[in-house]
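Please read the structure below before turning to the comments.
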Amino acid sequence: MNIFVHKIRSITELVDFLDAELSWRRRELTNMRFLALGGRRHEQEVLLRAGVCLMYAHWEGFVKDAATCYVNYVALKGLKYRDLSPSMVALGLRGKLRAAEETNRVTVHTEVTNFLLSDMHENAKLPWADAVTTRDNLNSEVLREILHLLDLDHQPYETKRVLLDQRLLRKRNEIAHGEHSPVSRTDYDELHAEVLDLLDRFRDDVENAAQLKRFQRSSPV
C-alpha cells in the first residue's frame, strides 16, 4: 500500500492500515527466521546476517509508515491550529520556523510571532507526506523525536536503547558496510522476538494515540 496516495480519514482506516502493514512484515520476518535457523550449517552464517538487516529494515519501515499514516489522519481532520497539540502545531509551522532560524531579518521573525498571536484560528496545514524522517538511521534519539511528534510516551522505549542502537542498528550497519560481523543463533532468536514486540508496541501506541486524540490540546485556546 502506498501511503503517499492513501488518505486516512477514520480510525477504522487507520487501524486497517496499521494491521495490514504489520501483518506482512511479521510474516516476512517469521519466514526469514525459519530459513535462517533451519538452514544448513554452511548457509546459516549468511542467512543470520541477512536476517538482521531485514529486521532493521522492517523496524524502520514500519515506524516511518505508521507514523506518517497517523499524521495523515490528523491532517485530514480539518482541525484549527489552536486545537492541536504543541508538537502538531510545530509541524504545521515547520516551514516558517526554518525560515526564521535561517535569517536575522526581524520581518520574518515578526511574521512567525504574529501567526502565533493571532492566526491560530486558521485550519491547520500539516505537511504529512514528509513529516517523518528516520534519516536512514533509526537510533533511539531519532525514535524519540518521532515519538514526541506523535505525542507518544517515550519511556517504554528507553529500556530498549542498547537493543536498538547496538544490537540492531550497529550490527545492521556493520553487515551492510561489508564487515564480517557474525551473528549467533541465540542472538538472532532473541533479537527477532524483541523486534516483533517493538513492532506490536509501536502499532498499539499509534492506535491508542488516535483513539485518545492525543493530537489535540487538552485545553484549546
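Each reported figure results from applying straightforward, stated rules to the coordinates on display, with no laboratory input. Values in this document were obtained by computation on a predicted structure and should not be read as measured data. Backbone-built Cβ (ideal geometry, glycine too); neighbour counts: all protein chains shown.
Things worth noting here:
- Looking only at the stretch 202-218, residues that are in a helix (DSSP H, G or I) and loosely packed, with under 14 Cβ neighbours inside 10 Å come to 3 in all.
- Looking only at the stretch 38-65, and only at residues there that are of a type in the set (D, E) and over 16 Å from V132 (Cα atoms), the one that is surrounded by the fewest Cβ atoms within 10 Å (Cβ to Cβ): E43
- Tally, over the stretch 168-194, of residues that are without any contact (Cβ under 8 Å) to a residue 60 or more places away in the chain and more than 22 Å from L143 (Cα to Cα): 6
- Cβ-Cβ contacts under 7 Å between residues 6 or more apart (or on different chains), taken from a first residue in the stretch 81-92 that is within 18 Å of N114 (Cβ to Cβ) to a second residue that is of a type in the set (F, W, Y), are listed as V89/Y81; G92/Y81.
- Test result for E21, part of a helix (DSSP H, G or I) and over 23 Å from L164 (Cα atoms): no
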